[in-house]
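See below for the structure under consideration.
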Amino acid sequence: MLVSDILCERAVESSWIRDLRFSKKQRLITLTVASGRVYTIVGATPELYQKWVDTSSKGKFFHQYIKGKFKVWRVK
């Protein structure tokens, strides 16, 4: 099994979000923000992850489609 079959990771262009990682097996998105804090979003789909990576405003997407709709846990 390849790592890419389990995990997708992308650095993104955003003033707030540094990178997004998606665990296909666990259905988790891990989000690292500019301050270095790390958050996990539980119950994400591959489609949601791809839309987030592709959108022009990562912060706006978070507030519109993630916050209040998914469990978000601060990891670090």
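Helical runs assigned H by DSSP (4 residues or longer) give the chain a calculated mean residue ellipticity at 222 nm of -4000 deg cm²/dmol, each run adding -39500 (n - 2.57) before division by the residue total. In order along segment 50-65, the phi-based Karplus estimate (6.51 cos²θ - 1.76 cosθ + 1.60, θ = phi - 60°) of 3J(HN,Hα) comes to 5, 4, 5, 4, 7, 6, 6, 10, 5, x, 5, 4, 4, 5, 7, 10 Hz; Gly and Pro are listed as x.
Per residue, the chain exposes 68 Å² of solvent-accessible protein surface, assessed with a 1.4 angstrom probe and all protein chains in place. For segment 15-76, the relative contact order works out to 33 percent when only alpha carbon pairs closer than 8 Å and six or more residues apart are counted. Taking the charge dipole of the chain about its Cα centre, with +1 at Lys and Arg Cβ atoms and -1 at Asp and Glu Cβ atoms, the residue from 46, 72, 26 reaching farthest to the positive side is 72.
About its Cα centre, segment 9-76 has a charge dipole of approximately 300 debye under the convention of +1 per Lys or Arg Cβ and -1 per Asp or Glu Cβ, with nothing else charged. For the residues 32, 40, 55, a GNM of the chain with alpha-carbon springs under 10 Å puts the largest fluctuation on 55.
The values are calculated or read from the model by the stated rules, or taken from the named source; none is laboratory data. Fair warning: this is a prediction, and the values are worked out from it, not measured in the lab. Counting neighbours? That spans all protein chains shown, and the Cβs are built from the backbone with ideal geometry, glycine included. Surface accessibility is based on the protein's heavy atoms, side chains included, excluding ligands, DNA and RNA. Shrake-Rupley method; radii C 1.70, N 1.55, O 1.52, S 1.80 Å.
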